[in-house]
Amino acid sequence: MRTFLFLCAMIVSSFAFENVNSKEFANLLRQKDVVLFDVRTPQEFQEGHILGANLVPVQVFQYLKLGGLGIKNKKILVYCRSGNRSVTASRWFESWGAKKVYNLRGGILEWKAAGFPLQK
């Protein structure tokens with residue numbers, strides 16, 4: 001039984017998204033094969049977003065099927081306002097086969113507080 005539980009823990013941890021701070025997030029943005037998702041509402045997006053972000057509100061994730069879009073080998077960066085909705089989105093990306101998912105802990109609030117720029 002102990003071996004079974006260990007194997008289950010290994011499987012779960014190998015696919016878990018990673019929470020990163022704004023500095024780590026900015027460094028990831030500079031790498032290759034990165035796709036950036038803003039999962040806030042369109043209104044929030046218009047108020048300011050990270051340059052290069054794709055707006056996909058978390059409310060529509062249940063209707064999407066992004067697994068076939070070649071995301072498995074890309075680094076998926078996800079953010080929202082405070083880091084909560086992006087956790088939900090990160091789990092969706094994992095369910096679609098993405099193996100490198102990074103959630104901006106603290107969301108765009110932390111990004112702004114760290115002095116990183118926004119685009120309007």
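The values are calculated or read from the model by the stated rules, or taken from the named source; none is laboratory data. Keep in mind it's a predicted model, so treat the numbers as computed, not measured. FYI the Cβ positions are ideal-geometry reconstructions off the backbone, even for glycines, and counts take in every protein chain you see.
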Cβ-Cβ distance below 7 Å, separation of 6 or more or different chains: which pairs start in segment 21-33 with a residue that is within 11 Å of residue 111 (Cβ to Cβ) and end on one that is of a type in the set (Lys, Arg)? 21/105
Does any residue in segment 44-66 that is within 15 Å of residue 112 (Cα to Cα) come within less than 6 Å, Cβ to Cβ, of a residue that is assigned to a loop (DSSP other than H, G, I, E, B) six or more places away or on a different chain, and which pairs are these? 48/118; 48/120
Of the residues in segment 45-73, those that are surrounded by fewer than 18 Cβ atoms within 10 Å (Cβ to Cβ) and closer than 19 Å to residue 31 by Cα number 6
Residue 97 passes all but one of (1) within 14 Å of residue 40 (Cα to Cα); (2) surrounded by fewer than 18 Cβ atoms within 10 Å (Cβ to Cβ); (3) in contact with a helix residue (DSSP H, G or I) (Cβ under 6 Å, 6 or more places away or on another chain); (4) not charged (D, E, K, R); which number fails? (1)
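Among the residues of segment 27-44, write down those that are in a helix (DSSP H, G or I) and exposed (fewer than 12 other Cβ atoms within 10 Å of the Cβ). I'd like the intermediate steps shown before the answer.
Kept after step one, since they are in a helix (DSSP H, G or I), are these residues of segment 27-44: 27-29, 42-44.
Matches in segment 27-44: 27, 42, 43.
Pick from 95, 82: which is farther than 18 Å from residue 27 by Cα and at pLDDT 95 or above? Can you show your working first?
Details: 95 fails: at pLDDT 95 or above.
Residue meeting the stated conditions: 82.
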